[in-house]
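The values are calculated or read from the model by the stated rules, or taken from the named source; none is laboratory data. Everything numeric in this text was worked out from a predicted model, so none of it was measured. Cβ atoms come from the backbone with ideal geometry, glycine included; neighbour counts cover every protein chain shown.
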Amino acid sequence: MSTNSQVAFSGITIAVKDMDRMKNFYSKVLSLDFEKIELPDNHGTIYSGSCYPIQVQLCPLQISGVSGRDYRHQIEFKIPDVSKAISTIKKNGGRLRNKFVPGMVTISVFDPDGNSLVLSLNR
């Protein structure tokens, strides 16, 4: 496998429909603290948080220009406890993609806007 030391993954922007629900979901599930960023020339507002070393930005659909209904990617986050995350996900507008069995180390979920993500035990 070759590597390119001049290319690095630095962040992800999630196009969102309901900013308040999405900020709440990612704040509670991933413990992200978001900073409000006003874009120049009255182009709108985005929110940015860090899931070290990756920057996570929430961007309104109308700014992002995303119109697809089914996204072809899954974001994966490492978390300390998969089973504890389940109730937090449900309480904050998310839902499970598949049945959770105690002891599982990975779970696939939907955020409040329907984006698919994977939560895996941080080992």
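Some observations on this one:
- The set of residues from the range 49-66 being over 20 Å from Phe110 (Cα atoms) and either at pLDDT 95 or above or in a loop (DSSP other than H, G, I, E, B) (or both) comprises Tyr52, Pro53, Gly65.
- Residue that is modelled with the lowest pLDDT, among those in the range 77-123 that are surrounded by 14 or more Cβ atoms within 10 Å (Cβ to Cβ), out of contact with any Leu (no Cβ under 6 Å at 6 or more places or on another chain) and part of a helix (DSSP H, G or I): Ser83
- Filtering the range 1-42 to residues that are assigned to a loop (DSSP other than H, G, I, E, B) and modelled with pLDDT of 85 or more leaves Lys17, Asp18, Ser31, Leu32, Asp33, Phe34, Leu39.
- Residue match in the range 66-86 (condition: touching a helix residue (DSSP H, G or I) at 6+ places or on another chain (Cβ under 9 Å), without any contact (Cβ under 8 Å) to a residue 60 or more places away in the chain, closer than 12 Å to Ala15 by Cα and not aromatic (Phe, Trp, Tyr)): yes
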